[in-house]
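Down below is the structure, laid out as structure tokens.
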Amino acid sequence: TCIPLHVGKAGSMDLGYMGDDSGDSISELNVYYGELTGIYWIWKNYTVNENIGVCHYRRFFANDQLELLSEKEYDRILMEYDIMTSKAIDTDGTYWETYAKAHNIRDLKEEARIIERLYPEDYPIFCKVMEGSKQYFGNLMAARREIFDAYCSWLFPIFFELEKVIDV
């Protein structure tokens, strides 16, 4: 079931549908977190135990006929794979280099230190990804609920620690 969610509702006009500003919410941080405030809201407030897919108002998953994926197609894919993301794009440099062109590289270095401290078993994987040239854009994902929950349980503690040490 596709349910539109007004992400960042706490800081904007009401668009007339469910927002990410109720229950356990970080909607007011949308200016810093973007679509992640919606992901956080789904994690904390959407209690249905089913596959979770996150798209964007202008980015969606499509099948080979360039039609939006149906619920049955998502379910079929997620029976075979743990997670679905956008297609990887090869860049001309490492993730570190690409990030540094558009953002403050000190922020990503702080994130690396936090991952090393909070999740030392994941740090070598993080380093390998940062040295690679494959990137996934668009904040698109779909996963079984337990994978989605595990991802959020890993991701948000990193960001909440990062928020303490960088100038957002």
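Please specify each residue of region 7-28 satisfying the condition of being surrounded by 20 or more Cβ atoms within 10 Å (Cβ to Cβ) and either of a type in the set (Val, Ile, Thr) or outside any loop (DSSP other than H, G, I, E, B) (or both).
VAL7, LYS9, GLY19, ILE26, SER27 - these are the residues of region 7-28 that are surrounded by 20 or more Cβ atoms within 10 Å (Cβ to Cβ) and either of a type in the set (Val, Ile, Thr) or outside any loop (DSSP other than H, G, I, E, B) (or both).
Give me the pairs, please: first residue somewhere in region 59-75 and open to solvent by 100 Å² or more (accessible area, probe 1.4 Å), second residue anywhere and aromatic (Phe, Trp, Tyr), beta-carbon distance under 8 Å, and either six or more positions apart or on two chains.
Here the result reads LEU68/PHE60; LEU68/PHE61, each pair linking region 59-75 to a residue that is aromatic (Phe, Trp, Tyr).
Which condition breaks for VAL31 when tested against (1) in contact (Cβ under 8 Å) with a residue 40 or more places away in the chain; (2) assigned to a helix (DSSP H, G or I)?
Only one criterion in (1) in contact (Cβ under 8 Å) with a residue 40 or more places away in the chain; (2) assigned to a helix (DSSP H, G or I) is unmet by VAL31, namely (1).
Mind telling me which of the residues ASP64, ASP82, ASP75 ends up being out of contact with any strand residue (DSSP E or B) (no Cβ under 6 Å at 6 or more places or on another chain), within 12 Å of MET141 (Cβ to Cβ) and at pLDDT 90 or above?
Matching residue, one of ASP64, ASP82, ASP75: ASP82.
Please work out if TRP41 is over 24 Å from ALA150 (Cβ atoms), of a type in the set (Phe, Trp, Tyr) and touching a residue at least 12 places away in the same chain (Cβ under 8 Å). Even if it seems obvious, please write down each step before you answer.
Values: over 24 Å from ALA150 (Cβ atoms): no; of a type in the set (Phe, Trp, Tyr): yes; touching a residue at least 12 places away in the same chain (Cβ under 8 Å): yes.
Here the answer is no, as TRP41 does not meet what is asked.
Return the residues of region 119-159 that are in contact with a strand residue (DSSP E or B) (Cβ under 9 Å, 6 or more places away or on another chain), open to solvent by 50 Å² or more (accessible area, probe 1.4 Å) and part of a loop (DSSP other than H, G, I, E, B); say none if nothing qualifies.
TYR136, PHE137, ASN139, ARG144
Looking only at region 79-116, filter to residues that are polar (S, T, N, Q) and open to solvent by less than 50 Å² (accessible area, probe 1.4 Å); which one of those is nearest to ARG59 (Cα to Cα)?
If we take residues in region 79-116 being polar (S, T, N, Q) and open to solvent by less than 50 Å² (accessible area, probe 1.4 Å), then SER86 is nearest to ARG59 (Cα to Cα).
The values are calculated or read from the model by the stated rules, or taken from the named source; none is laboratory data. Because the structure is a prediction, the values reported are computed rather than measured. Every residue, glycine as well, gets a Cβ built from its backbone with ideal geometry; the counts of neighbours run over all protein chains shown. The accessibility values were calculated without ligands, DNA or RNA, using every heavy atom of the protein model including side chains. Shrake-Rupley method; radii C 1.70, N 1.55, O 1.52, S 1.80 Å.
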